[in-house]
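Reviewing the structure listed below.
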Amino acid sequence: MKLTLFSKYKLNVSAANKKEALNLLLNSQIALNSSKINKENSLEISVSKKQFSKIKRIFDSSNIDYETTKIFGILKPLERIRHRLGFALGCLMLMLVLLFSSNIVWKIDIEGNRYVSDDEIIDELNNAGFKLGTYIPNVDYDQLHNKILLNSEKLSWVSVNIVGNHANIKVKEKESKSEEKKVLYTNVVAASDGYITSVIVIDGKKTVSIGDVVKKGELLISGIIDSQSQGVRYEHAKGEVKAFVNKEILVKIPLKNTKKIYTNNIYKEKSFKIYNFPLKFLIKYRNSRGFYDTIEKKEQLHILGISKIPIEVTTSTKYEYTLEDINYTIEEAVDLAFAELRMQMDRHLENSELVSKAIETDYNSECFYLRCKLYCLEDIAVEKEFFVEE
């Protein structure tokens with residue numbers, strides 16, 4: 001009798017339901033770490049309690065018949081932590097990190113930046129010799145600050161403060177003299193061609209009237225007000241301009257297509273990164289040479305589930321599939337085309353009112369075509385920024 005350390009469930013799916021069950025699980029992105037085909041050609045899956053609950057809901061909703069067996073493990077009290085990459089390996093890595101990295105930078109936070117990204121500042125730090133894994137007692141803060149400011153074209157001040165293993169970087173950005181003199185205002189322009197039915201101005205001056213035909217990008221409400229009494233002044237133009245607009249949706253359904261069919265082959269590998277140094281430590285299956293979908297999961301390890309440590313674990317699971325040729329009849333292509341049309345119309349009419357539509361269809365030996373012309377009423381006003389030097 002084979003013993004198991006942790007409790008688990010075994011599900012047995014008959015040969016008749018095997019293929020449908022496997023595709024349901026893979027399409028639901030459930031990782032099958034342990035599965036095999038029995039002599040009876042049935043599918044046997046070994047899963048944890050958490051996975052079993054998800055699989056049970058999927059199978060029950062799809063009327064998949066299966067048999068269940070629960071196997072109690074020897075180390076039942078440790079089941080809650082069995083997914084943390086192996087208890088023994090996790091403890092060993094944790095002890096090594098705690099023993100050797102009490103004077104090492106674990107984490108870097110950036111404060112004070114608005115326009116310069118965190119990644120750009122991290123690059124500046126790296127170029128100056130400061131990064132994750134830096135030995136804290138060797139840091140010369142004055143020299144580090146000077147290096148960063150001499151090399152950076154965007155920072156005017158920087159301060160590196162370390163508390164424990166946590167580096168807090170505070171920065172100030174250089175101000176552009178040319179931008180200091182510029183003030184941001186807005187015009188309102190047309191988002192698409194249209195026949196105007198109403199104009200409501202909140203701020204600014206309207207430049208179009210009801211009945212006008214406008215092109216995409218044409219000015220509708222101006223943020224530049226020119227009057228004889230006050231001269232030129234600027235505003236943030238706002239408003240609503242409704243217009244009749246034409247839209248067109250083209251749906252193309254190839255009569256010959258391919259479909260993914262998932263096999264029973266699952267390829268999995270795990271790797272970890274201590275600070276910025278990646279290293280693969282476990283390859284559970286051989287590499288796939290066929291087609292596959294990959295699901296990647298990253299996890300930052302914690303001490304007792306509270307404090308993060310500088311170890312990131314990446315699990316990549318690859319699900320192999322084959323491509324099967326499919327030939328659609330005209331009737332099947334029509335159904336697929338109208339289903340696609342409904343989805344696209346929902347997107348096109350999200351902020352519009354449909355006035356009328358016209359549908360045309362055509363097909364040849366390769367494709368079925370559906371063309372739908374929509375006539376809608378919608379707000380075509382969009383704000384466009386401009387700068388004024390002062």
**Item:** Whichever aspartates and glutamates have a C-alpha closer than 14 Å to that of K49, once near sequence neighbours (fewer than 8 apart) are set aside
**Value:** E79
**Request:** Grab the Cα-Cα distance for E350 and K107, subtract it from 0.36 nm times how many residues apart they are, and report the gain in nm with one decimal.
**Result:** 83.1 nm
**Prompt:** Which parts of region 350-368 would a label at T329 reach, counting a residue when its backbone N lies under 19 Å from a point 7 Å out along Cα-to-Cβ?
**Reply:** 362-368
**Request:** Classify region 177-265 as rounded, prolate or oblate, taking a ≥ b ≥ c as the square roots of the eigenvalues of its Cα gyration tensor: rounded when a/c is under 1.5, otherwise prolate if a/b is larger than b/c and oblate if not.
**Result:** oblate
**Request:** Enter the mean projected area of the convex hull around the alpha-carbon atoms of region 112-161, in nm², rounded to one decimal.
**Result:** 3.5
**Request:** Output the peptides 259-270, 240-251, 136-147 sorted from most to least packed, where packing is the average of other Cβ atoms within 10 Å over each peptide's residues.
**Result:** 240-251, 259-270, 136-147
**Message:** How large is the direction-averaged shadow of the alpha-carbon convex hull of region 123-188, in nm²?
**Reply:** 6.8
**Complete:** With a Förster distance of 51 angstrom and the Cβ-Cβ distance between T69 and E240, calculated FRET efficiency to the nearest 0.05 equals 0.20
**Request:** Mind checking the full-extension length gain between E389 and E173? Use 0.36 nm per residue of separation minus the Cα-Cα distance, one decimal, nm.
**Result:** 75.6 nm
**Request:** Report, ordered by chain and residue number, the lysines lying within cross-link reach of K154, taken as a straight Cα distance under 16 Å and ignoring same-chain residues fewer than 8 apart.
**Result:** K170, K172, K174, K177
**Asked** Counting DSSP beta bridges in region 120-272, what percent are antiparallel, to the nearest 5?
**Response** 95
**Fill in**
Partner aspartates and glutamates whose C-alpha sits under 15 Å from that of K131, ignoring same-chain residues fewer than 8 away, are D109, D118, D119, E120, D123, D140
**Message:** Per residue, how much accessible surface does region 305-390 expose to a 1.4 Å probe? Answer in Å², no decimals.
**Reply:** 64
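The values are calculated or read from the model by the stated rules, or taken from the named source; none is laboratory data. These numbers come from a predicted model, not from an experiment. Please note: Cβ atoms are built from the backbone with ideal geometry, for glycine as well, and neighbour counts cover all protein chains shown. SASA here: full protein model, heavy atoms, side chains in, ligands and nucleic acids out. Shrake-Rupley method; radii C 1.70, N 1.55, O 1.52, S 1.80 Å.
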